[in-house]
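A.B. asks: Quick one: the structure is below, and I'll ask about it shortly.
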Amino acid sequence: MDIYRSRIEINLFYLANNIHILKKRLNHQTKFMAVVKANAYGHGIEECVRACDFLVDYYGVATLEEGMRIRAAGSQKDILIFGSIHPSQLPIVIKEHLTLNLHSTSYAQLLCEELTRLNQPADFHIEIDTGLSRTGIRFSDENASTFSYIESLYHENLFHITGIYTPVLNHKMKRILHLHGGNSKFFSIFSAV
């Protein structure tokens, strides 16, 4: 018999109810993503998907394998894979209608080469690094080439851009938004999504 130092219990009715409460506070057009990476933070991907699938628009996972577990649980909702995949896994991603995270220019180039070989497009979200320096396409108010590069992804036939995000809106990002105002290239990128 295994003895663990900690134990997690979750009431799936309360999970669904909490999502319902959060969604009531949002604009009705706002999409809701349930991040269920790391086995739904130890609560069980399959159990959480079955409990809240009717409430969410998207799932966020770390790996392709986690995305496949959601599909195996019966959900046809959109799934964003935050982590990287190997380019050889693109046919699975395309077949299962999964969305990949473009977190660097070199990763985007690697995937573009494989998509060109396959002659098939895939869905992507663009991750912008606004200061954490972990992942994301580096964003800075001093670097105009970042804007051009992100805009170019929207015109790449093999990249179907379905979203753009940043993990954290920090003080630097707020300053950049303030400096550029409503007509900046930054806002034109977001309005294209």
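A.B. asks: Suppose the filter is of a type outside the set (V, I, T) and modelled with pLDDT under 95; does K77 pass it? It would help to see each step written out before you state the result.
C.D. replies: Working: of a type outside the set (V, I, T): yes; modelled with pLDDT under 95: no.
No.
A.B. asks: Taking the residues in segment 68-98 that are part of a helix (DSSP H, G or I) and out of contact with any helix residue (DSSP H, G or I) (no Cβ under 8 Å at 6 or more places or on another chain) as candidates, determine which candidate is most open to solvent (accessible area, probe 1.4 Å).
C.D. replies: To start, the set of residues in segment 68-98 that are part of a helix (DSSP H, G or I) comprises 68-72, 87-95.
Still in the list and also out of contact with any helix residue (DSSP H, G or I) (no Cβ under 8 Å at 6 or more places or on another chain): 71, 95.
Working: R71: 27, K95: 145 Å².
Restricting to residues being part of a helix (DSSP H, G or I) and out of contact with any helix residue (DSSP H, G or I) (no Cβ under 8 Å at 6 or more places or on another chain), the top hit is K95.
A.B. asks: Go through segment 69-122 and count every residue that is of a type outside the set (A, V, I, L, M), farther than 30 Å from C48 by Cα and either touching a Lys or Arg at 6+ places or on another chain (Cβ under 8 Å) or in contact (Cβ under 8 Å) with a residue 40 or more places away in the chain (or both).
C.D. replies: Result for segment 69-122: 3.
A.B. asks: If S152 satisfies all but one of (1) open to solvent by 30 Å² or more (accessible area, probe 1.4 Å); (2) within 22 Å of G60 (Cα to Cα); (3) at pLDDT 80 or above; (4) among the small types (G, A, S), what's the number of the condition it fails?
C.D. replies: Condition not satisfied by S152: (2).
A.B. asks: Something else about it: Considering every residue within segment 157-176, establish whether at least one is modelled with pLDDT under 70, β-branched (V, I, T) and under 25 Å from G83 (Cβ atoms).
C.D. replies: Scanning segment 157-176 turns up at least one residue that is modelled with pLDDT under 70, β-branched (V, I, T) and under 25 Å from G83 (Cβ atoms).
A.B. asks: Whether any residue in segment 54-63 is more than 27 Å from Q29 (Cα to Cα), in contact (Cβ under 8 Å) with a residue 24 or more places away in the chain and either out of contact with any helix residue (DSSP H, G or I) (no Cβ under 9 Å at 6 or more places or on another chain) or not in a helix (DSSP H, G or I) (or both) is what I want to check.
C.D. replies: Looking only at segment 54-63, we keep the residues that are more than 27 Å from Q29 (Cα to Cα), and these are 63.
So of that shortlist, the ones also in contact (Cβ under 8 Å) with a residue 24 or more places away in the chain come out as 63.
Restricting the remaining residues to those that are either out of contact with any helix residue (DSSP H, G or I) (no Cβ under 9 Å at 6 or more places or on another chain) or not in a helix (DSSP H, G or I) (or both) gives 63.
The answer is yes, given that some residue of segment 54-63 is more than 27 Å from Q29 (Cα to Cα), in contact (Cβ under 8 Å) with a residue 24 or more places away in the chain and either out of contact with any helix residue (DSSP H, G or I) (no Cβ under 9 Å at 6 or more places or on another chain) or not in a helix (DSSP H, G or I) (or both).
A.B. asks: Checking N101 against (1) open to solvent by less than 10 Å² (accessible area, probe 1.4 Å); (2) out of contact with any His (no Cβ under 6 Å at 6 or more places or on another chain), only one condition comes out false. Which one?
C.D. replies: Among (1) open to solvent by less than 10 Å² (accessible area, probe 1.4 Å); (2) out of contact with any His (no Cβ under 6 Å at 6 or more places or on another chain), N101 violates only (2).
A.B. asks: Being aliphatic (A, V, I, L, M), open to solvent by less than 40 Å² (accessible area, probe 1.4 Å), at pLDDT below 95 and outside any loop (DSSP other than H, G, I, E, B) narrows it down to one of A34, A16, A40, so name that one. If you could, list the steps in order and put the result at the bottom.
C.D. replies: Details: A34 fails: at pLDDT below 95; A16 fails: at pLDDT below 95.
Of A34, A16, A40, the one residue that is aliphatic (A, V, I, L, M), open to solvent by less than 40 Å² (accessible area, probe 1.4 Å), at pLDDT below 95 and outside any loop (DSSP other than H, G, I, E, B) is A40.
The values are calculated or read from the model by the stated rules, or taken from the named source; none is laboratory data. Nothing here was measured: the structure is a model prediction, and the numbers come from that model. Reconstructed Cβ throughout: ideal geometry from the backbone, glycine too, with neighbour counts over all protein chains shown. Just the protein is used for accessible areas: all its heavy atoms, side chains included, with ligands, DNA and RNA removed. Shrake-Rupley method; radii C 1.70, N 1.55, O 1.52, S 1.80 Å.
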